[in-house]
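Right, one structure below, let's go through it.
The values are calculated or read from the model by the stated rules, or taken from the named source; none is laboratory data. Bear in mind the structure is a predicted one, so any value in this text is a computation, not a measurement. Virtual Cβ from ideal backbone geometry, glycine too; neighbours counted across all protein chains shown. Keep in mind that these areas ignore ligands, DNA and RNA; they rest on the heavy atoms of the full protein, side chains included. Shrake-Rupley method; radii C 1.70, N 1.55, O 1.52, S 1.80 Å.
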Amino acid sequence: MPQHHLLLEIARGAKSAVTKKRIITYYMYNRSSTIPDLAKELNLSVPTVTKFITEMCEDGFIVNYGKLETGEGRPPTLYGLNADSGYFVGVDVRKTDINIGLMNFTGDIIDEWLNVPFRLVNTPEALNMLCGQIQAFIDDNATLRDKILQVGVNISGRVNPDLGYSFSLFNFEERSLNEVLTEKIGIPVSIDNDTRVMTYGECMKGVVKGEKNIVFVNLSWGLGVGLVINGQLYAGKSGFSGELGHFSVFDNEILCHCGKKGCLETEVSGMALYRKLCEQVAEGKSSILSERILAAKESVTLEDIIKATNKEDLLCIELVEEIGMLLGRYLAGVINLLNPELVIIGGALSATEDYILLPVKGAIRKYTLNLVNKDSSVVLSKLKDKAGMIGACLLVRSKLFED
């Protein structure tokens, strides 16, 4: 079909396909424009752009948006992306569930499955279950399957998005995880680090309003940060940037899942919150979750603890605030180092809102340099638990069509 033909032409580097790709990229960020305005933006002649727009209308990528009312002379025609010309699936893989979304070409989520039960363990069986859930979602949108251009899957830990390898999870074969997932699902798949994808989602559809230097904090079961530097998502040499949770800062002898002791994540994460709550309840402290924890702590989830915090459970609030103060202290170092305009607190624990945000802000004020602190706003994520799903859709669209 025309959509996939264009992708093949882009992959081959055909000159005409590269120009069409530039047109699509322009319209991804500008809802509509006239041909003269587009020609000026692309530094091409009006006849050349007219020819490409005509071809892309025939292929179904571009549509006529109607006339631009100017009040003077003959009104020019507006063109823009055809929302139905292609779709993208975003999959956010989390500790106990997954979010899956279907986005059209103009960036609207048209279907979503939220909080689909899933246990993230590093086994072939879990990988097959993940693929089964993705396939079930695609089957539920069977009429659009042929128009799905790419699936984006978020994986925690060390991920090289350019090569498609995950080194922390599901690394069972010599082949890349991209290749394995593509074979199992039957549609091209691209993987990336979950925190980096959440950062991109927040930049494109969330709280970011033009800021170019951003630190996004993913405070979920683990702890990671996503970085935007001079307006560009920063991945590092191999895609391994942002591992704030593995700063070695404590002499607590707690073994981190990375295999080392004393990582920041052992005291600042959902995992740490869960452990601390269970320990303090066992020592006799009271919580609305005490009875369940004492009966079988495995029955209590991080989501339960977040809900208890928001119901004003004093022990949970105390522990969340303690984590917030520790996070703020070490974020202060990141702020002193990078001088960002915006720090976004996201991930599961951001759902506790001011209980986490206020102690983070307080510690940042205490430990940053005054002039640096004045440059940085600290806010909560706008997309909340949908940041990864939305970001995954947007990022695979970007990778296909942006230079």
In degrees rounded to 10, the 0-90 angle between helix 15-29 Cα long axis and the longest Cα principal axis of the chain is 60
The pairs in Lys311/Lys361; Lys184/Lys276; Lys260/Lys285; Lys95/Lys285; Lys361/Lys386; Lys212/Lys237 lying past 32 Å Cα-Cα in this model are Lys184/Lys276
Given 350-363, 384-397, 190-203, the highest-first ranking by average Cβ count within 10 Å works out to 190-203, 384-397, 350-363
Descending packing, highest mean Cβ count within 10 Å first, for 91-98, 217-224, 253-260 is 217-224, 91-98, 253-260
If one builds a Gaussian network model of the chain from Cα atoms under 10 Å apart, the most fluctuating residue listed among Glu341, Glu58, Glu243 is Glu58
When the charge dipole of the chain is computed with +1 on Lys and Arg Cβ and -1 on Asp and Glu Cβ about the Cα centre, the Cα farthest towards its positive end, among Thr34, Gly152, Gly206, belongs to Thr34
Where a ≥ b ≥ c are root eigenvalues of the Cα gyration tensor, a/c under 1.5 meaning rounded, otherwise prolate if a/b exceeds b/c and oblate otherwise, the stretch 23-167 counts as prolate
Under the Karplus relation with 6.51, -1.76 and 1.60 and θ = phi - 60°, whole-Hz ³J(HN,Hα) for the stretch 158-164, x at Gly and Pro, equal 7, 10, 9, x, 5, 8, x
Lys and Arg at +1, Asp and Glu at -1: neighbours of Val153 with Cβ under 10 Å from its Cβ sum to -3
The lysines whose Cα lies under 16 Å from the Cα of Lys382, excluding any fewer than 8 residues away in the same chain, are Lys205, Lys209
Here the alpha-carbon Rg of the chain over 2.2 N^0.38 Å rounds to 1.08
Summing +1 per Lys or Arg and -1 per Asp or Glu among the other residues with Cβ less than 13 Å from Val281's Cβ gives -1
From the Cα centre of the stretch 52-119 to that of the stretch 182-223, the distance in Å is 19
Yeah, the stretch 26-69 with a ≥ b ≥ c from its alpha-carbon gyration tensor (a/c under 1.5 is rounded, else prolate when a/b outruns b/c, oblate otherwise) is rounded
Per the C-alpha gyration tensor (a ≥ b ≥ c, the square roots of its eigenvalues), the stretch 132-207 is rounded if a/c is under 1.5, else prolate if a/b beats b/c, else oblate; here it's oblate
Phi angles of the stretch 309-314, converted by Karplus (6.51 cos²θ - 1.76 cosθ + 1.60, θ = phi - 60°) into ³J(HN,Hα) in whole Hz with x for Gly and Pro, give 4, 6, 8, 6, 5, 5
Connecting every pair of Cα atoms under 10 Å apart in the chain and solving the GNM, the largest mean-square fluctuation among Phe250, Phe216, Phe88 falls on Phe250
To the nearest Å², the heavy-atom accessible area per residue of the stretch 340-403 with 1.4 Å probe amounts to 42
Distance in Å, no decimals, from the C-alpha centre of the stretch 227-264 to the one of the stretch 366-393 is 17
Residue-normalised value, i.e. accessible area per residue, for the stretch 151-272 at 1.4 Å probe, in Å², stands at 41
Whole-Hz Karplus couplings 3J(HN,Hα) for the stretch 376-391, θ = phi - 60° and coefficients 6.51, -1.76, 1.60, Gly and Pro as x, run 10, 8, 10, 9, 8, 4, 8, 7, 6, 6, 9, 4, x, 5, 5, x
Expressed as a percent, the accessible surface of the chain that is carbon or sulfur, using a 1.4 Å probe and the full set of protein chains, is 51
With Cα springs under 10 Å, the Gaussian network model of the chain assigns the largest mean-square fluctuation among Ala83, Ala332, Ala142 to Ala142
Given unit charges at Cβ for Lys, Arg (+) and Asp, Glu (-), the dipole magnitude of the stretch 107-205 about its Cα centre in debye, nearest 20, is 160
